[in-house]
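Accompanying notes for the structure given below.
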Ligand code: RM4
Ligand code: MN
Ligand code: MN
């Protein structure tokens, strides 16, 4: 289904007066408000094709109704999100969960919704029907050459799917590792993995990037072969200029200082992509900003600072994606909340007075430095984010409009109450 333009216009008219009152104050008190607005309008966050249905844990999955049954319906759902918030104009595909059987048709369909293809994701963490060798003991790290070769070929096939769709990057997340001491020779596992990545790298078109994602644990619980940002940086440095590290917020050990990791990776020119989610414990994949919004702001603060230092384009020079699992919420509502949290934190980071912060740092004024950061974090910039939506023709209150239009009910009517999407 599509959201009619006049539905959005009516909604924006109804809430326009209150919005203008709230906005006026911000515009009058923030000198750079217009600049921030333009950056917000340009910012797009990719939606993963595997997160449009209900997710689950290994204990169960409680599917909702109206889930997309194929790639076309997933694109339709992202189209809905994008028309509501104007910031979800990209999709990230996981192969083989979402193989585009007819890439030309899929590409055209996405274009109709204003959606482009962000990073492609390979999958060597599950065995697929008909697959010759098992990944039970890893893929690129595997002790057997034929298993490694199969994983390499899969990744090259994913690159080819991506080329047909106009994607420009490949994200590799490996579940490789070991569950028990003694199971693996760490150096050998590293070398096999590096060799595999090098072969994949050599199949990469010149204008592509390869993003090496790390994760501390799960599904392996003793060691992970790309376990942290140091290991990922080692691989991406050895691979070359087209290789970067990808940070997924849920992939660290508890209390890791992710903002510092981000700052140093940017300093090295090696941060290429980002997966947003939130967590209390590990890779919980909860709604962005739902547990630790201050940490999200601090991370954005370093992203803005570090990208500006390298004169990077915030919207174009990084792969931004949500990587969450929606186990108890309507996936589309959850995604709307996540995108909102991302934009609010981004706006707050743009608000930080960098000149004053630098002066406070240089005089060791710890108190003032904290005040500067917290002043930005505690400023309610939601009206500015809403204004950026208004200016691109999206809704002032995407979640409110989603509910008042009864979108989920309509999706259930057309797709049925017992559908299940491919994905996690
Ligand atoms: C992993 C990781 C990857 C994602 C898979 C589904 O934990 O976050 O990015 O593709 O989950
Ligand atoms: Mn991820
Ligand atoms: Mn994850």
Any hit, the stretch 71-81, residues being assigned to a loop (DSSP other than H, G, I, E, B) and crowded, with 20+ Cβ neighbours inside 10 Å: no
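Conditions (1) more than 28 Å from residue 220 (Cα to Cα); (2) touching a helix residue (DSSP H, G or I) at 6+ places or on another chain (Cβ under 9 Å); (3) surrounded by 22 or more Cβ atoms within 10 Å (Cβ to Cβ), marked per residue:
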| position | (1), (2), (3) |
| --- | --- |
| 312 | yes, yes, no |
| 323 | no, yes, yes |
| 332 | yes, yes, yes |
| 352 | yes, yes, no |
| 356 | yes, yes, no |
Top-ranked residue of the stretch 235-255 - restricted to ones that are more than 20 Å from the chain's Cα centre (by Cα) and in contact (Cβ under 8 Å) with a residue 40 or more places away in the chain, ranked as farthest from ligand 2 (Cβ to nearest atom): 238
Pick from the stretch 252-283, criterion within 14 Å of ligand 1 (Cβ to nearest atom) and in contact with a strand residue (DSSP E or B) (Cβ under 7 Å, 6 or more places away or on another chain), ranking: farthest from residue 316 (Cα to Cα): 279
Some residue of the stretch 295-318 being under 25 Å from residue 93 (Cα atoms) and within 15 Å of ligand 1 (Cβ to nearest atom): no
Residues within the stretch 220-240 that are touching a strand residue (DSSP E or B) at 6+ places or on another chain (Cβ under 6 Å) and farther than 18 Å from residue 256 by Cα, tallied: 5
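Take the residues in the stretch 233-250 that are within 14 Å of ligand 3 (Cβ to nearest atom) and touching a helix residue (DSSP H, G or I) at 6+ places or on another chain (Cβ under 9 Å); name whichever of them is nearest to residue 141 (Cα to Cα). Write out each step before concluding.
Keep residues of the stretch 233-250 that are within 14 Å of ligand 3 (Cβ to nearest atom), which gives 246-250.
Checking the rest, the ones that are also touching a helix residue (DSSP H, G or I) at 6+ places or on another chain (Cβ under 9 Å) come to 246-247, 249.
Details: 246: 19, 247: 21, 249: 24 Å.
My answer is 246.
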Every residue from the stretch 272-283 that is free of Cβ contacts under 8 Å to residues at least 40 places away in the same chain and surrounded by fewer than 18 Cβ atoms within 10 Å (Cβ to Cβ): 280, 281
Test: residue in the stretch 267-278 that is touching a helix residue (DSSP H, G or I) at 6+ places or on another chain (Cβ under 7 Å), over 26 Å from residue 159 (Cβ atoms) and more than 13 Å from ligand 3 (Cβ to nearest atom): yes
Enumeration of residues in the stretch 368-424 that are at pLDDT below 95 and either over 30 Å from residue 99 (Cα atoms) or within 16 Å of ligand 2 (Cβ to nearest atom) (or both): 423, 424
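Return the only residue of 39, 5 being at pLDDT 95 or above and more than 16 Å from ligand 1 (Cβ to nearest atom).
On inspection, the qualifying residue turns out to be 39.
Could you say which residue among 226, 212 is in contact with a helix residue (DSSP H, G or I) (Cβ under 7 Å, 6 or more places away or on another chain), more than 25 Å from residue 289 (Cα to Cα) and within 13 Å of ligand 1 (Cβ to nearest atom)?
On the way: 212 fails: more than 25 Å from residue 289 (Cα to Cα).
Just a single option satisfies the conditions, and that option is 226.
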Qualifying residue in the stretch 128-140 (condition: modelled with pLDDT of 95 or more, on the phi < 0 side of the Ramachandran plot and either in a helix (DSSP H, G or I) or in contact with a strand residue (DSSP E or B) (Cβ under 8 Å, 6 or more places away or on another chain) (or both)): no
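So in the stretch 309-333, with the set limited to residues that are assigned to a helix (DSSP H, G or I) and either closer than 19 Å to residue 115 by Cβ or without any contact (Cβ under 8 Å) to a residue 24 or more places away in the chain (or both), which one is farthest from ligand 3 (Cβ to nearest atom)? Steps first, answer last, please.
First pass over the stretch 309-333, keeping only residues assigned to a helix (DSSP H, G or I): 309, 331-333.
Restricting the remaining residues to those that are either closer than 19 Å to residue 115 by Cβ or without any contact (Cβ under 8 Å) to a residue 24 or more places away in the chain (or both) gives 331-332.
Working: 331: 16, 332: 20 Å.
Residue satisfying both the conditions and the ranking: 332.
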Scan of the stretch 386-424 for residues that are touching a helix residue (DSSP H, G or I) at 6+ places or on another chain (Cβ under 8 Å) and in a loop (DSSP other than H, G, I, E, B), ordered by number: 392, 393, 394, 395, 396, 397, 405, 421, 422, 423, 424
Tally, over the stretch 45-64, of residues that are surrounded by fewer than 21 Cβ atoms within 10 Å (Cβ to Cβ) and either modelled with pLDDT of 95 or more or in contact with a strand residue (DSSP E or B) (Cβ under 9 Å, 6 or more places away or on another chain) (or both): 2
Which numbered condition residue 66 fails, given (1) part of a loop (DSSP other than H, G, I, E, B); (2) at negative phi; (3) more than 16 Å from ligand 1 (Cβ to nearest atom): (2)
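So, in the stretch 82-104, how many residues would count as being assigned to a loop (DSSP other than H, G, I, E, B) and at negative phi? It would help to see each step written out before you state the result.
Here is the first cut: in the stretch 82-104, the ones assigned to a loop (DSSP other than H, G, I, E, B) are 86-89, 95-102.
Subsequent filtering for residues that are at negative phi retains 87-89, 95-102.
Qualifying residue count for the region: 11.
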Criterion violated by residue 379 - all others in (1) closer than 25 Å to residue 279 by Cα; (2) over 22 Å from the mean Cα position of the chain (by Cα); (3) in a helix (DSSP H, G or I) satisfied: (3)
Members of the stretch 105-127 found to be in a loop (DSSP other than H, G, I, E, B), free of Cβ contacts under 8 Å to residues at least 60 places away in the same chain and at negative phi, listed by number: 113, 115, 122, 123, 124, 126, 127
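The values are calculated or read from the model by the stated rules, or taken from the named source; none is laboratory data. Model, not experiment: these values are computed from the prediction. As a convention, Cβ positions derive from the backbone with ideal geometry for all residues, glycine included, and neighbour counts pool all protein chains shown.
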